[in-house]
Amino acid sequence: MEPNQSKSTAANGRWSGYYRLLQARMKELIREPEVIFWVFIFPLLLAFGLGIAFRNKPEDKIAVVIVNGPRALQVQQLLQKSAQGRSIHADVLDEAIANDKFRLGAYALVIVPQDSGVQYRFDPARPESVQARVQVDDALQSASGRQDVVKTSTVSSSEPGARYIDFLIPGLLGMNLMNSGMWGIGFALVEMRQRKLLKRFVATPMRRSDFLMALTSSRLVLMIIELGLLLGFGILVFHMRVAGKFAAILLVSALGAISFGGLGLLTASRAQKIESVSGLINLVMMPMWIFSGVFFSYERFPAIIHPFIKALPLTALNDSLRAIILQGASLSSQALPIAVLAIWGGVSFALALRWFRWS
Amino acid sequence: MSVAILCRDLRKTYDGKVDAVRGIDLCIPAGECFGLLGPNGAGKTTTIEILEGLLAPTSGTVEILGMTWREHERGLREWLGISLQETRLSEKLTVRETLTLFASFYREPASIDGVMEELSLTEKADAWVGKLSGGQKQRLAVATALVGNPRILFLDEPTTGLDPQSRRQLWDIVRQFQKRGGTILLTTHYMDEAERLCDRLAIIDHGKTIAEGSPAELIERLGGHHVLEIAVSGNGTAGDALWKSLPGVQSIRHDEDIISLQVHEPHETIPALLAAVQQHGSKLEHLTTRQASLEDVFVQLTGRHLREE
């Protein structure tokens, strides 16, 4: 009665399905060149590009332009011989060109020499423009013989840990964990559903929990590689200093990866088409792209929305990664953001498992 | 003989509106190859997916190997091999990796090398699934069902879109499985497939069984094993009454200009037919004779062709 398949191999154990699912998933990922690029190469390129663009220059000269006219050269000489002359670079150009280049950001300030004195044209919305006006005015006044009443001195302080690149790398790490969790789990699942592969899997004795665990595990393996690459890159290329414990960084990153995996699972729990899930994923990620402080601090947003921003999972992840990496904070001091992440992850997983459609 | 698949008064209504299945009863003994034959949209896939435990019926009962899906899902899955209509397996895995993955889900899987050998996939063992031809992909789909060492094989439209050679290869695979004692349930809209492969079949239309039996029985029920197809011109007033009066004619069907007569013995009917045509001053434009097929059964029962859109 029972069909005799010629050679039956040894019986499979409890975890063989999980192990083979994870293995298959990793092989598929490695064989997809786009995945390698977006997950591993792109964040490094981004860090490199932004790190270069916003590097702390040894001597950050302020570029200003003097409108050509009878007194232009006189003003230029005054600026050069002033005490601040080293940090001001002044060009002389015709008015139209000068205004044009000011508008494009090549110059922070336009100086228009007048019969007696000068007129400044600056943009109060641009910090460097405001600063240039103060500095240039200071330089012109002192070079023309103004006596300062208070004697002051300055010491420069620019340590690793306080630079833009130091701020950026933990933010990129958080963003990358969000991206790869949402796309790597959400998108992958809907694609498999659309191809009827999910339905085919549940037509076997495969444990559904094994499948979801394997998918999440594959993200954790990628997470470890991403983490190593980004931190290693920061340390080697930008001499970043990691103040916190590596185990703490790993733990928070893993929690972040799982939490965003849960969010990805929830986003993908019912969508039938990859087009619709792409829209959903972008919709879910959009507020975090804007508010969660990846590229700049969310302190710039009005204080009234800070509680909302801090409740977002990416904000929690970024804040806690920055605290651990840059300030050496202990895990216990990060209880609040860790709780936020855990709640997002837990609630998402619970809802996703309730709503999830296998076919 | 034990029963492999049993269902009673199976009904499925989608969204409370569309009646896909409207009362199907099946009793398939172990070791049989049973076919669900019907046009597209007849409810074949819905029926087979309910039997596979992938869809819940709106009402009716299902027993597979004497067990119900509600109580024995995991155990049953160990015994079933399923090939769905158009599953797209992961393109970046090789044939061997795909089969290794599917085998890992079963407690006692078949040998992967053995299955690849049987389905002529050994040569392609290390090729990516994305690089396979349509026939190879379909064989791989069946291989993923066989690798679990099943007792029952469910195949939903296994040869749709395949070239004749690949179809015959798949038929051989099904016969091999049956020889080892396996039970097969397959759906098809190819009557030749149903006729050659199935021990018994149910013809399904609009969610209902309209005929059930072995291919020979079903054809027998037509009343005639042979079909005479004729076309006449001239005094075309010769009505059905004339054809009906010819010896051995069981039934008549019009298909555009062609008139099909179901007959018992062509050698008795043909001379009488020729004489009658001459007598009426008509001209015979066309005359062929062939064996009756399941297609004729379907047309007689529904008035439509199997492959009509």
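Coordinate-derived values only; no laboratory data. Owing to the predicted nature of the structure, the values given are computational and were not obtained by experimental measurement. Here Cβ is always computed from backbone atoms with ideal geometry, including for glycine, and neighbour counts include all displayed protein chains.
Projecting the Cα atoms of B:LEU201, B:LEU301, B:PHE102 onto the charge dipole of the protein assembly as shown (Cβ charges, centred on the Cα centre) puts B:PHE102 farthest toward the positive pole.
Other protein chain C-beta atoms within 10 Å of residue C-beta, averaged over B:92-104: 5. Set against the 2.2 N^0.38 Å expectation for a compact globular protein, the stretch A:199-248 has a Cα radius of gyration ratio of 1.82. According to the Kirkwood relation over distinct C-alpha pairs, the hydrodynamic radius of chain B is 21.5 Å. For the stretch A:190-208, backbone nitrogen atoms closer than 11 Å to the point 7 Å from B:ASP15 Cα along Cα-to-C-beta are found at no residue. Translational diffusion of chain A, estimated by Stokes-Einstein from the Kirkwood radius over alpha carbon pairs at 20 °C in a medium of 1.002 mPa s, is 88 µm² per second. Within straight-line reach of A:LYS273, meaning a Cα separation under 12 Å, sit the following aspartates and glutamates at least 8 residues removed in sequence or on another chain: A:GLU191.
Using the Cβ-Cβ distance between B:GLU86 and B:GLN176 with R0 = 22 Å, the FRET efficiency computed as 1/(1 + (r/R0)^6) comes to roughly 0.40.
Relative protection proxy for B:9-16, B:216-223, from highest mean packing down: B:216-223, B:9-16 (other beta-carbon atoms within 10 angstrom).
Rounded to the nearest whole Hz, the Karplus-based 3J(HN,Hα) values (6.51 cos²θ - 1.76 cosθ + 1.60, θ = phi - 60°) of the stretch A:32-47 follow the sequence 9, x, 4, 4, 4, 5, 5, 7, 9, 7, 4, x, 5, 4, 4, 4, with x at glycine and proline. Here's the picture: charge each Lys and Arg Cβ at +1 and each Asp and Glu Cβ at -1 in chain A, and of A:ALA303, A:PRO43, A:LEU236 the one pushed furthest to the positive end of that dipole is A:PRO43. Just the number, please: Stokes-Einstein D of the protein assembly as shown in µm²/s, Kirkwood Rh from C-alpha pairs, 37 °C, 0.692 mPa s. For the chosen part, D equals 104 µm²/s.
Using equal-weight Cα scatterers in the Debye expression, the normalised intensity of the stretch A:174-226 in log10 at q = 0.13, 0.16, 0.19, 0.21 Å⁻¹ is -0.35, -0.52, -0.69, -0.80. Only aspartates and glutamates eight or more places from A:LYS310 in sequence, or on another chain, were considered; those with a Cα closer than 12 Å are A:GLU299, A:ASP319. Taking 29 Å as the limit for the C-alpha separation, the pairs A:LYS199/B:LYS92; B:LYS44/B:LYS179; B:LYS92/B:LYS179; B:LYS124/B:LYS179; B:LYS44/B:LYS244 exceed it in the case of B:LYS92/B:LYS179; B:LYS44/B:LYS244.
Residues in the stretch A:67-87, backbone N under 14 Å from the label point at A:THR152 (7 Å along the Cα-to-beta-carbon vector): list them, ranges by number please. Backbone N within reach: A:84.
The P(r) of the stretch A:62-143 has a tail past 22 Å containing 13 percent of all C-alpha pairs. If you plug the beta carbon distance of B:GLU256 and B:ARG70 into 1/(1 + (r/R0)^6) with R0 = 35 Å, you get a FRET efficiency near 0.10. For the stretch B:258-309, the alpha-carbon coordinates run over 39, 22, 15 Å along the three principal axes, in decreasing order. Summed over qualifying helices (DSSP H, 4 residues or more, each -39500 (n - 2.57)) and divided by its residue number, chain A shows a 222 nm mean residue ellipticity of -19000 deg cm²/dmol.
Counting only DSSP H runs of at least 4 residues, each contributing -39500 (n - 2.57), and dividing by the residue count of chain B, the helix-based mean residue ellipticity at 222 nm comes to -10000 deg cm²/dmol. Distance from the Cα centroid of the stretch B:228-307 to that of the stretch B:32-56 is 35 Å (rounded to whole angstrom). Given R0 = 41 Å, the distance between the Cβ atoms of A:ARG31 and A:ALA53 translates into a calculated FRET efficiency of 0.75. With the alpha-carbon atoms of the stretch B:223-291 aligned to their principal axes, the span from lowest to highest coordinate is 29, 23, 19 Å, starting with the largest.
Along the stretch A:259-272 the Karplus relation, 6.51 cos²θ - 1.76 cosθ + 1.60 evaluated at θ = phi - 60°, assigns HN-Hα couplings of 4, 6, x, x, 5, x, 4, 5, 4, 9, 5, 10, 4, 9 Hz to successive residues, with x for each Gly and Pro.
If only the Cβ of Lys and Arg carry +1 and only the Cβ of Asp and Glu carry -1, the dipole of the stretch B:223-291 around its Cα centre is close to 120 debye. Here A:LYS101 is the anchor, and the aspartates and glutamates within straight C-alpha reach of less than 18 Å, apart from those fewer than 8 places off in the same chain, are A:ASP91, A:ASP123, A:GLU128. A simple packing score, the average count of other Cβ atoms within 10 Å per residue, orders the peptides A:322-334, B:36-48, A:34-46, A:193-205 as B:36-48, A:193-205, A:322-334, A:34-46, with the highest score first. Applied to the stretch B:111-119, the Karplus parametrisation 6.51 cos²θ - 1.76 cosθ + 1.60 on θ = phi - 60° returns per-residue 3J(HN,Hα) values of 6, 5, 4, x, 5, 5, 4, 5, 9 Hz, with x for Gly and Pro. Count Lys and Arg as plus one, Asp and Glu as minus one, and take only other residues whose Cβ is under 12 Å from that of B:ARG8; the net charge is then -2.
Reported value for the stretch B:92-148: 60 Å³ per residue, from the convex hull of its C-alpha atoms. Cα convex hull, the stretch A:200-331: 144 Å³ per residue, rounded to a whole number. Over every Cα atom in the stretch B:162-309, the radius of gyration and the widest Cα-Cα span, Dmax, amount to 18.5, 61 Å. For the stretch B:225-302, the list of trypsin sites (Lys or Arg not before Pro) that fall in a loop by DSSP and count at most 12 other C-beta atoms within 10 angstrom is empty. Once both labels are positioned 7 Å from their Cα atoms along Cα-to-Cβ, the gap between B:ALA272 and B:THR289 label points is 1.3 nm.
Using 11 Å as the cut-off for backbone N distance, which residues of the stretch A:269-303 belong to the label zone defined by a point 7 Å from the Cα of A:TYR164 along Cα→Cβ? The answer is A:296.
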